[in-house]
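Reviewing the structure listed below.
The values are calculated or read from the model by the stated rules, or taken from the named source; none is laboratory data. These numbers come from a predicted model, not from an experiment. Neighbour counts run over all protein chains shown; Cβ positions are idealised from the backbone, glycine included.
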Amino acid sequence: MYLVTGGAGFIGSNLVAALAASGQEIVVSDRLDESNQYNLNKRGGLETVAPDELLPWLDSVSRKPDAIFHMGAISSTVERNVDLIMRNNYLLSLRLWERATRHQIPFIYASSAATYGAGERGFDDSNDPDALQRLKPLNPYGWSKLLFDRAAVQMAGAGIAPPQWAGLRFFNVYGPNEYHKGGQRSVVPQFWQQIRENKKARLFKSHDPNYADGGQLRDFVHVSDTVSVMQWLLDSPQVSGIFNLGTGQARSFDDLAAAIFNTLDMPRDVEYIPMPDNMRNQYQYFTEARMDRLRAAGYDTPFTTLEDGVRSYVGDYLESNDQYV
């Protein structure tokens, strides 16, 4: 039996679907409402535990989970309620780590590429405490994830850790089941909607002379690849640590828009618009995951190309006219 926090969310629900397809028993902990419950309704037969009841449930249940996948968090990069973020993203993670350690349960959790801030110190997923201290996230969400990464490395170094643990620094994940995230969805459905409604995509102009308009770069990773890595970790109990989870190849927003236009068999038409002033000091012009550590640990499955991932997402999901995409 596996526990998945945030199991009705974007990455969590895709993980739940994969585990359910392999015949696993799953317990989901998440806040369910009209915006996300369809992600679970598609599965059916799942046991759920309310987040407020999660820790008492873990303490009292006689059969402990075979692994905990902690995907639940406040993931909005524009949330400014620091107390709320710390309670949900940091303190809860500490309490789950403590229980996973006490009961010897493998613990796999969602970190984030937001820990790298503007990327001025690179994107090396070093587990060295000094390297972690040098990172400077740009928002409270990124800080909450970095603080727990630091705590995890420190606790593991002191011998206070689950039998296996992994913090996954997700880069720009896209794919099915992100409809409920609104403005925090990946740019793929946002561009697709623009193109469908206006026959054109709107991309930010560059305010950095090193990058052309639309030439800003991101490491876009399909959600199926994140699930593949987590399933591999289940089969690799000897692997622990913090790992980047991207493709290792940065692509431009122009490339992404072109992939959508090509999938829709429409001519490319892009409008470059000014970036809002309040974003300019926090904007990342380049992200690219260094994947050496995960590859060295033994993960050798190829990652989905941007073109193939967009073709699958747009063609098989967004173009279905299903509201739950």
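Just one of the listed residues (121, 196) is within 18 Å of residue 290 (Cβ to Cβ) and either in contact with a strand residue (DSSP E or B) (Cβ under 6 Å, 6 or more places away or on another chain) or not aliphatic (A, V, I, L, M) (or both), and it is 121. Scanning the range 86-112 for residues that are under 24 Å from residue 227 (Cβ atoms), free of Cβ contacts under 8 Å to residues at least 60 places away in the same chain and part of a loop (DSSP other than H, G, I, E, B) yields one hit, 105.
Among the residues of the range 269-288, those that are out of contact with any helix residue (DSSP H, G or I) (no Cβ under 7 Å at 6 or more places or on another chain) and more than 19 Å from residue 194 (Cα to Cα) comprise 277, 278, 279, 280, 281, 282, 283, 284, 285, 286, 288.
For residue 121, state whether it is at pLDDT 95 or above and outside the structural domain of residue 274 (by TED's automatic domain parsing).
Details: at pLDDT 95 or above: no; outside the structural domain of residue 274 (by TED's automatic domain parsing): yes.
Spelling it out, it is not the case that residue 121 is at pLDDT 95 or above and outside the structural domain of residue 274 (by TED's automatic domain parsing).
Starting from residues that are surrounded by fewer than 16 Cβ atoms within 10 Å (Cβ to Cβ) and of a type in the set (S, T, N, Q), keep the ones in the range 71-86 and report whichever is nearest to the chain's Cα centre (by Cα). Filtering first and then ranking leaves 77.
Only one entry of 48, 115 meets the criterion of being touching a helix residue (DSSP H, G or I) at 6+ places or on another chain (Cβ under 9 Å) and not in a helix (DSSP H, G or I), and that entry is 48. Name every residue in the range 273-302 that is within 20 Å of residue 119 (Cβ to Cβ), part of a loop (DSSP other than H, G, I, E, B) and among the aromatic types (Phe, Trp, Tyr), in order of residue number. Listed by number, the residues that qualify are 283, 285. Exactly one residue out of 299, 313, 317 is surrounded by 17 or more Cβ atoms within 10 Å (Cβ to Cβ), out of contact with any Gly (no Cβ under 9 Å at 6 or more places or on another chain) and touching a residue at least 60 places away in the same chain (Cβ under 8 Å), and it is 299.
Of 289, 212, 250, all but one fail to be over 20 Å from the mean Cα position of the chain (by Cα) and modelled with pLDDT of 95 or more; the exception is 212. Of the residues screened, residue 146 is not one that is closer than 28 Å to residue 232 by Cα, at pLDDT 95 or above and out of contact with any helix residue (DSSP H, G or I) (no Cβ under 7 Å at 6 or more places or on another chain).
The set of residues from the range 243-268 being out of contact with any Phe, Trp or Tyr (no Cβ under 9 Å at 6 or more places or on another chain) and assigned to a strand (DSSP E or B) is empty. If I filter the range 109-121 for residues that are within 18 Å of residue 58 (Cα to Cα), surrounded by 22 or more Cβ atoms within 10 Å (Cβ to Cβ) and among the aliphatic types (A, V, I, L, M), do I get at least one hit? Within the range 109-121 (the criterion being within 18 Å of residue 58 (Cα to Cα), surrounded by 22 or more Cβ atoms within 10 Å (Cβ to Cβ) and among the aliphatic types (A, V, I, L, M)), the answer is no, since none of the residues qualifies. Note on the range 218-244: among residues that are more than 20 Å from residue 310 (Cα to Cα) and among the hydroxyl-bearing types (Ser, Thr, Tyr), the one that is surrounded by the most Cβ atoms within 10 Å (Cβ to Cβ) is 240.
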